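The values are calculated or read from the model by the stated rules, or taken from the named source; none is laboratory data. Since the model is a prediction, treat every value here as computed from it, not as a measurement. Glycine gets a Cβ as well: all are built from the backbone with ideal geometry, and neighbour counts include every protein chain shown.
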Amino acid sequence: MSVRLPTALLCALAFSARADSWTPQEGFRKVATRLQELRGLKLDDRLQLEVIPRTEWHKRVAAQPTKTNEPYAVLWRTLGIVPAGQDADEAYDEVRRRYRGYYHLSDDRLVYFTDTPAELREPQLAHALMHAVQARHSRLFNAPPAIDGYFDDVNWARAAAKEGEAVLHELSWPTGSLDGMRDKIEALPERLDIEGCEPYAVRWTYHPYVAGARYLLAHAKGGLRDACDALYLNPPVSTEQVLHPERNDPPLAVIVPDLSDRLGAGWKLAARTVLGEWTIADWVWALRPDTAPKPLSVEQIGGGLPDDLRWGGDQAQVYQDGERFLVVVWTVWDDEASAVRFRKLLGSTKSARAGPRVAVLCGPAQVHRGLLTETLRDVRTTAFRSVEQLEEILAGD
Ligand SMILES: [Zn+2]
């Protein structure tokens, strides 16, 4: 006993000395080296590491609060995605205040928080460093131009691709092995600091983490690196593709005219966006709360529409005349059964909500042209498989 005790003490001292000697700078260098091996891609010296306490981060969030423009805020409230009476910007800032890490693309800077739990330090650095790799070697950060909102769903799909790759490297750190990964992804909410946050704000922030990680894992049968290389070459172009990795039907670009002239003097088109499957899912959950997943569950954060509602494409428009708003949503579906189901859902809950009117047009992809043109001329939809192709379609207008 007398011999053993000092040894045990020495071990304990050595262990705590090692734990205390961990510094973000050393961790950063170590993680960067290993990540380059795993990915087979190079980083460089431009990348900066900034180590700050949480209080400093709170100051920065307060100095640059989220500001949604009003037509978009009207859209989210009208569809019931943001509950009435809620300040979505404040809810979103609360989620931002609790970020685990951050990568600033503009000046290639990684922010590390001093309160990061010990077991998450290096995995968290791997996540943020992965974004620096993407910024150098992929097109995922080159967001397509926001041509009147036509690329909104494309950009959400890219966000899922980026986060999916970062999350899989974080969860498999430091081996890159995908063993047991499905369970780790399903347990992701436990890893995030989200307790007490508004579920819709958490979904806005972390949907790409869950949906993207599931998507990439489904494509990673030949190993993580090959799947990531393939993702860089051919990123998804819709959140439907992200949510249903087994589907490869292209999204439909729904091209509809500006209705302001027909609405009368004073009306202007104030916003236009593609909701995409993931936002339509939010809308459906608002229409039918009995079908909505449990708040802050992995499904509420990362899920989409059920298989019997096959999204084809959409466009949402917000018109404004002073204080008055009108929301118009055009939706097309891959099959008639989905279109009929969606129309039924809308019909059964029509009078449930006060606020701006929503005009919704929906039809299956095969007959939508006839169906929509009955209401309006000059409506067309075109399937596209890549961002370049959609750009060409829009340029041809
Ligand atoms: Zn990330």
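Taking the criterion of being surrounded by 21 or more Cβ atoms within 10 Å (Cβ to Cβ) and among the aliphatic types (A, V, I, L, M), the residues of segment 204-219 that qualify are V210, A211, A213, L216, L217. Checked against the criterion of being more than 30 Å from T382 (Cα to Cα) and not aromatic (F, W, Y), the candidates L140, L171 yield just one match: L171. Just one of the numbered conditions (1) surrounded by fewer than 18 Cβ atoms within 10 Å (Cβ to Cβ); (2) farther than 24 Å from D93 by Cβ is not true of M181: (1). Among the residues of segment 281-300, are any in contact with a strand residue (DSSP E or B) (Cβ under 8 Å, 6 or more places away or on another chain) and within 25 Å of D249 (Cβ to Cβ)? Within segment 281-300, not a single residue is in contact with a strand residue (DSSP E or B) (Cβ under 8 Å, 6 or more places away or on another chain) and within 25 Å of D249 (Cβ to Cβ). Exactly one residue among L75, L125, L110, L129 is part of a strand (DSSP E or B) and either on the phi < 0 side of the Ramachandran plot or at pLDDT 95 or above (or both), and that residue is L110. For segment 58-71, the count of residues that are of a type outside the set (S, T, Y), in contact with a Ser or Thr (Cβ under 8 Å, 6 or more places away or on another chain) and at pLDDT below 95 is zero. Of the residues A227, A271, A201, only one is free of Cβ contacts under 8 Å to residues at least 12 places away in the same chain and buried (at least 20 other Cβ atoms within 10 Å of the Cβ); which? Unique residue meeting the criteria: A227. There is at least one residue in segment 91-107 that is more than 14 Å from the ligand (Cβ to nearest atom), modelled with pLDDT under 95 and not small (G, A, S). Entry remark, segment 238-265: residues being away from the ligand (no atom under 16 Å from the Cβ), modelled with pLDDT of 95 or more and among the β-branched types (V, I, T) number 1 in total.
Answer with yes or no whether L140 is within 12 Å of the ligand (Cβ to nearest atom), among the aliphatic types (A, V, I, L, M), in a loop (DSSP other than H, G, I, E, B) and touching a helix residue (DSSP H, G or I) at 6+ places or on another chain (Cβ under 6 Å). Considered against the rule, which asks whether it is within 12 Å of the ligand (Cβ to nearest atom), among the aliphatic types (A, V, I, L, M), in a loop (DSSP other than H, G, I, E, B) and touching a helix residue (DSSP H, G or I) at 6+ places or on another chain (Cβ under 6 Å), L140 comes out as yes.
Selection of first residues in segment 96-114 that are assigned by TED's automatic domain parsing to the domain that holds W204 and of second residues that are within 11 Å of the ligand (Cβ to nearest atom) and assigned to a loop (DSSP other than H, G, I, E, B), restricted to Cβ pairs under 9 Å at least 6 apart or on distinct chains, gives the following pairs, ordered by first then second residue: V111/Y99; F113/Y99; F113/R100. Counting only helices (runs of 4 or more DSSP H) that fall entirely inside segment 147-235 and contain at least 2 residues that are acidic (D, E), under 19 Å from the mean Cα position of the chain (by Cα) and within 16 Å of the ligand (Cβ to nearest atom), the qualifying elements are 152-171. With the structure loaded, tell me whether L120 is closer than 21 Å to R54 by Cβ, at pLDDT 95 or above, within 12 Å of the ligand (Cβ to nearest atom) and in a helix (DSSP H, G or I) or whether it fails that test. Against the criterion (closer than 21 Å to R54 by Cβ, at pLDDT 95 or above, within 12 Å of the ligand (Cβ to nearest atom) and in a helix (DSSP H, G or I)), L120 does not qualify. Scanning segment 171-195 for residues that are farther than 14 Å from H127 by Cα and charged (D, E, K, R) yields D179, R182, D183, K184, E186, E190, D193, E195. Against the criterion of being surrounded by fewer than 15 Cβ atoms within 10 Å (Cβ to Cβ), within 14 Å of the ligand (Cβ to nearest atom), outside the structural domain of Q389 (by TED's automatic domain parsing) and farther than 30 Å from L326 by Cα, L125 does not qualify.
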